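The values are calculated or read from the model by the stated rules, or taken from the named source; none is laboratory data. Note that the structure is a prediction, hence the values are computed from the model and not measured. Counting neighbours? That spans all protein chains shown, and the Cβs are built from the backbone with ideal geometry, glycine included. Accessible surface areas use protein heavy atoms only, side chains included; no ligands, DNA or RNA. Shrake-Rupley method; radii C 1.70, N 1.55, O 1.52, S 1.80 Å.
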Amino acid sequence: MQRAQVAAGTAAETAPVPASPAIEPAAEPGPLSVRLLRADAADRARWDMFVQACPEATFFHRAGWQRVIEEAFGHRTWFFLAERDGQIEGVLPLAQIKSRLFGHSLIALPFCVYGGVAALTGTARAALDAEALQLAASLNAGHLEYRNVAPAHPDDPAWLGKDLYVTFRKEIGADDEANMNAIPRKQRAMVRKGIKLGLTGEVDQDVERFFTAYANSVHRLGTPVFSKKYFRLLKEEFRDDCEVRIIVQGEGAEKRLVAGVLSFFFREEVLPYYGGGMPVARDVAGNDFMYWNLMQASAAKGCRIFDFGRSKRGTGAFDFKKNWGFTAQPLPYEYRLVASQDLPDVNPLNPKYQLFIKLWQKLPLPLANALGPHIVKDLG
């Protein structure tokens, strides 16, 4: 017995050890390439999946803006993406505005408050920058413009900026009472006035009533109106992520239109983007109630950021948003001069546009609605 045990032990000790599987060296990453977004649905879906996941991306980086800008305004677009080994690392949507009245620019992205490069790597960002600069030079554009949320080239003197725009963003919660109490007392009283006067909110699947309220409002401000086609395209392209909310007073035959707002939804954010009210809105606190009604409905849907959007310093919209308890956050837009010698200054605060604004306010509304889209398409 003892010998058998020893023999068995010896055999075990001398058995060959199985060879470990070979560890293959990690594959070297492939080269980064930059190309244009293709028209097929699969490529657009990949783009939007990247935008949804990329921390730097915004609603205004979505692929749908290409169709909207081309079909609503007739502008040329270039939607660049940088990819490596089949994975997108960055995107840059660009559109050209070429106007005798307002100049020649390449912008990321016109009609959008945020833009510029959205990337996961510095390599992708640099490659997309180079592509944009090359395109701007080949077009002989006056300037290249990035509508950044955060500075993209803070240490590069070739990129210029100006302190004009701010945005207003604030956290909201699931509790209506807490959201209401977060509104400063004076503004909260206006919201409660609208509630007391029986205002209610409705969601439309078309833009008809919204356009009526919006067109009336911008006409009073002396601003050219966007076309109804533009709003239809926004709703059609972005579907449930584009909501049309209408504020009314009364019921049945007594119901009357007070105000309307078109909003975008992205991740856990709601962005009221275009809005306006009928003349009666001022008397019934229509605009105050409208934003509260949107905030309330959005919080119930799970939104946790209310993005009140861009405003220019020194305007009524700026003051209105501050009165709601929102803090202004500077928007560090960047400009790279190409064929121009000076920064662009196309905004209503420019004194040379004041006479135009006063004349526009005196136009009959139907004429202003007919002429406006031909002018506003080049403002960007």
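Return, ordered by residue number, the residues of the range 79-122 whose backbone nitrogen is under 17 Å from a label point located 7 Å along Cα→Cβ of LEU359. Residues 100-102 fall inside that zone.
The share of accessible area on the range 187-236 that comes from carbon and sulfur is 55 percent, using a 1.4 angstrom probe. Across the range 33-164, the relative contact order, built from alpha-carbon pairs under 8 Å that are at least six residues apart, equals 21 percent.
Measuring nothing but how far apart in sequence close Cα pairs (under 8 Å, 6+ apart) lie, relative to its length, the chain scores a relative contact order of 20 percent. If the segment from GLN87 to SER340 were pulled out straight at 0.36 nm per residue, it would be longer than the present Cα-Cα gap by 87.4 nm. Largest GNM mean-square fluctuation among PRO224, PRO29, PRO272, using the chain with Cα springs under 10 Å: PRO29. The alpha carbon centroids of the range 275-299 and the range 250-269 are separated by 8 Å. A simple count of charges around SER311, restricted to other residues whose Cβ falls under 10 Å of its Cβ and scoring Lys, Arg +1 and Asp, Glu -1, yields +4. Residues whose amide H comes within less than 5 Å of that of GLY276, counting only those at least five positions distant or on another chain, are GLY260 (H built at 1.01 Å from N in the peptide plane). Residues of the range 163-191 with an amide N closer than 11 Å to a point placed 7 Å from the Cα of LEU197 along the Cα-to-Cβ direction: 190-191. When the chain is treated as a GNM with alpha-carbon contacts under 10 Å, the residue of SER311, SER298, SER99 showing the greatest mean-square fluctuation is SER99. Taking 7 Å steps out from each Cα toward its Cβ at ARG169 and LEU221 produces label points 2.2 nm apart.
Any chance you could run the full-extension gain for ASP155 through ALA178? It's 0.36 nm times the residue separation minus the Cα-Cα distance, nm to one decimal. Let's see the in-between values first.
On the way: separation 23, 0.36 × 23 = 8.28 nm, distance 4.15 nm.
My answer for the length gained is 4.1 nm.
The distance between label points at ASN323 and VAL280 comes to 2.2 nm (points 7 Å beyond Cα on the Cα→Cβ vector).
Its Cα centre serving as origin, the range 33-164 has a Cβ charge dipole (Lys and Arg +1, Asp and Glu -1) of approximately 400 debye. Working note: 222 nm ellipticity from helices only, DSSP H runs with n ≥ 4, each -39,500 (n - 2.57), summed and divided by the residues of the chain, gives -11500 deg cm²/dmol to the nearest 500.
In a DSSP loop and with at most 16 other Cβ atoms within 10 Å, the trypsin sites (Lys or Arg not before Pro) in the range 166-260 are LYS255. The lysines whose alpha-carbon is closer than 17 Å to the alpha-carbon of LYS170, local same-chain residues fewer than 8 away aside, are LYS301, LYS321, LYS322. The share of accessible area on the range 33-164 that comes from carbon and sulfur is 54 percent, using a 1.4 angstrom probe.
Between ARG185 and ASP241, what's the calculated FRET efficiency when r is the beta-carbon distance and R0 is 41 Å? Round to 0.05. That pair, ARG185 with ASP241, gives E of 0.75. Can you tell me the orientation of helix 208-221 relative to the chain, as the angle in degrees between its alpha-carbon axis and the longest Cα principal axis, to the nearest 10? Between helix and principal axis, roughly 60 degrees. Starting from the range 236-316, pick out the GluC sites (Glu not before Pro) whose DSSP state is loop and whose Cβ has at most 15 other Cβ atoms within 10 Å. Sites meeting the loop and neighbour criteria: GLU251, GLU268. The range 138-152 and the range 39-56 have Cα centres separated by 22 Å.
Quick check for you: with a 1.4 Å probe and neighbouring chains kept, what is the accessible area per residue of the range 207-360, in Å²?
Values: 6780 Å² over 154 residues.
Roughly 44 Å² per residue, with all protein chains present.
When every alpha-carbon pair in the range 33-164 is counted, what percent end up more than 22 Å apart? The proportion of pairs with Cα distances above 22 Å equals 32 percent.
Counting other Cβ atoms within 10 Å, which trypsin sites (Lys or Arg not before Pro) in the range 57-109 have at most 11 and lie in a DSSP loop? Working shown, then result.
Details: sites: ARG62, ARG67, ARG76, ARG84, LYS98, ARG100; in loops: ARG62, ARG76, ARG100.
Loop-located and lightly packed - ARG100.
Over the range 109-186, accessible surface divided per residue gives 46 Å², non-protein components excluded, 1.4 Å probe.
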